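Chemist: Questions regarding the structure given below will be posed in turn.
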Amino acid sequence: MSLTSSRLVDMKKLLLMRHAKSSWKDAVLPDHQRPLNRRGKRDAPRMGKYLREQGIELDVILCSTAKRARATAKGFLREYTFEGNVFHIDDLYHASYETFIALLNQLPDNVDTAMIIGHNPGMDTFLEMICDEYEHMPTASVAYIKFPVERWAELSGITSGELMNFWMPREI
């Protein structure tokens, strides 16, 4: 019996969350500084509570530095029990597919499940390129993806993830 032939491939898991609905009330406010609107302030904690109830366990959260993304993370974490680190990363604002891959490649191997809180169109593009199934990501939605890799550094342009679930606030 060969141990290598019976060995199961570990899976890395990623949750992509688009920031919650933002306010356009102040038209002169720079895009990076836009806050959440009432719906966004309601939906972010709602998604945190739902994912906690689903038993989803996170090891790390990578979050855009935009005000609406930081507020989404804060609202999400009001209802989601989390002891790990939240890293605010400038590159997640207007992130490209290559940026997502580069950031994930840097995660340590002991991180099994990561979450990214960011923006469209980058999140839509990333999801479309890594999964055979594709969902448009409305505000505060979460895509749950599994990758057949043991190490985050193994993710590349040819890696195909499996979209395990997709949640939107209005459907939970």
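Just so you know, all these numbers are worked out from the coordinates, no wet-lab data involved. Remember, it's a predicted structure, so these values are computed and weren't measured experimentally. Glycine also receives a Cβ, built like all others from the backbone with ideal geometry; neighbour counts cover every protein chain displayed.
Chemist: Where both residues lie in the chain, what percent of DSSP beta bridges are antiparallel, nearest 5?
Modeler: Expressed as a percentage, antiparallel bridges in the chain total about 45.
Chemist: Can you list residues from other chains, or at least 5 along the same chain, whose modelled amide H is less than 5 Å from the amide H of Asn165?
Modeler: Tyr144
Chemist: Continuing with this model, one more query. Classify the stretch 64-126 from the C-alpha gyration tensor, please: rounded if a/c falls under 1.5, else prolate or oblate depending on whether a/b exceeds b/c.
Modeler: In terms of gyration-tensor shape, oblate.
Chemist: What angle do you read, to the nearest 10 degrees and between 0 and 90, between the alpha-carbon axis of helix 38-53 and the longest principal axis of the chain?
Modeler: With rounding to tens, the tilt is 30 degrees.
Chemist: Among Thr81, Thr125, Thr72, which comes first, second and so on when ranked by fewest other beta-carbon atoms within 10 Å?
Modeler: Taking fewest neighbouring Cβ atoms as first place, the list is Thr81, Thr125, Thr72.
Chemist: Could you tell me which of the pairs Lys41/Lys146; Lys12/Lys49; Lys13/Lys74; Lys12/Lys67 are separated by over 25 angstrom between their Cα atoms in the structure shown?
Modeler: In this structure, Lys41/Lys146; Lys12/Lys67 exceed 25 Å between Cα atoms.
Chemist: Once Rh is set to the Kirkwood radius over Cα pairs, what Stokes-Einstein translational diffusion coefficient, in µm²/s, holds for the stretch 27-172 at a temperature of 4 °C and a viscosity of 1.567 mPa s?
Modeler: Answer, rounded: 83 µm²/s.
Chemist: Quick one: Ser64, Ser156, Ser96, fewest Cβ neighbours within 10 Å first, how do they rank?
Modeler: Ser156, Ser96, Ser64
Chemist: In whole Hz and in residue order, list the ³J(HN,Hα) couplings for the stretch 70-85 that follow from phi through the Karplus curve 6.51 cos²θ - 1.76 cosθ + 1.60, θ = phi - 60°; x for Gly and Pro.
Modeler: Couplings: 4, 5, 5, 4, 4, x, 4, 6, 5, 10, 10, 6, 8, 9, x, 9 Hz.
Chemist: For a quick check: sort Phe82, Phe100 by the number of other beta carbons within 10 angstrom, fewest at the front.
Modeler: Ordered from fewest to most neighbouring Cβ atoms within 10 Å, Phe82, Phe100 come out as Phe82, Phe100.
Chemist: So, with +1 on the Cβ of K and R and -1 on the Cβ of D and E, and no other charges, what is the size of the charge dipole of the chain about its Cα centre, to the nearest 20 debye?
Modeler: That gives a dipole near 1100 debye.
Chemist: I need to check one value: relative contact order of the chain, counting alpha carbon pairs closer than 8 Å and at least 6 residues apart, in percent.
Modeler: 31
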